[in-house]
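Everything on this sheet refers to the single structure shown next.
The values are calculated or read from the model by the stated rules, or taken from the named source; none is laboratory data. Source: prediction; values computed, not measured. Glycine also receives a Cβ, built like all others from the backbone with ideal geometry; neighbour counts cover every protein chain displayed.
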Amino acid sequence: MKKNVPVSKIMTTNVVKLNLKDELTKAEALFKKHKIRHIPVVSGTKIIGMLSYSDLLRISFADAVYDDEEIDAVVYDMFDISQVMTKNIVTISEQTTIREAAEVLASKEFHALPVEKDGHLVGIVTTTDLIKYLLDQY
């Protein structure tokens, strides 16, 4: 297995993003359209939070009982992104090794790491990216 490979080799660079003015209905649509589970929230190119699909599921408890998009819209209108997103996020640089990123993800309760360069969002690495990388090594 290769050692000291930077996350820039496996990270997604065409990152789907949200900003604070976006509505949660847009977030849900992006999760479904792109089949992703994490979306960085940005102000310009600076990351200010992370929204996960699990965050939306937590507030849309009605989904468990009803399969009705109108209920989702009502529930989503009760919150804005800043109330639902994770604010204290851990970021890594594009030079962070894949091993270091794996260690961070293994020790925390989240599954995605935003990648920054000079304070600006340049990518995202997920547990799925790490698993795919490991599979490629065998």
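Brief remarks follow.
- Within the option set LYS87, LYS132, being out of contact with any helix residue (DSSP H, G or I) (no Cβ under 7 Å at 6 or more places or on another chain), over 15 Å from MET50 (Cβ atoms), basic (Lys, Arg) and surrounded by fewer than 17 Cβ atoms within 10 Å (Cβ to Cβ) holds for one residue only, LYS132.
- Screening region 103-129 for residues that are out of contact with any Lys or Arg (no Cβ under 8 Å at 6 or more places or on another chain) and among the β-branched types (Val, Ile, Thr) and picking the one that is surrounded by the fewest Cβ atoms within 10 Å (Cβ to Cβ) gives THR128.
- For region 34-47, the tally of residues that are of a type in the set (D, E, K, R), out of contact with any helix residue (DSSP H, G or I) (no Cβ under 8 Å at 6 or more places or on another chain) and on the phi < 0 side of the Ramachandran plot stands at 1.
- Members of region 43-55 found to be farther than 15 Å from VAL84 by Cβ and either out of contact with any Pro (no Cβ under 9 Å at 6 or more places or on another chain) or free of Cβ contacts under 8 Å to residues at least 60 places away in the same chain (or both), listed by number: SER43, GLY44, THR45, LYS46
- Of all residues in region 4-33, those being surrounded by fewer than 16 Cβ atoms within 10 Å (Cβ to Cβ), in a helix (DSSP H, G or I) and touching a helix residue (DSSP H, G or I) at 6+ places or on another chain (Cβ under 8 Å) number 2.
- The set of residues from region 15-46 being at pLDDT 95 or above, under 19 Å from LYS117 (Cβ atoms) and in contact with a Gly (Cβ under 9 Å, 6 or more places away or on another chain) comprises VAL15, PRO40, VAL41, VAL42.
- Residue, farthest from TYR133 (Cα to Cα), within region 17-35, restricted to residues that are under 14 Å from the mean Cα position of the chain (by Cα) and in contact (Cβ under 8 Å) with a residue 24 or more places away in the chain: ASN19
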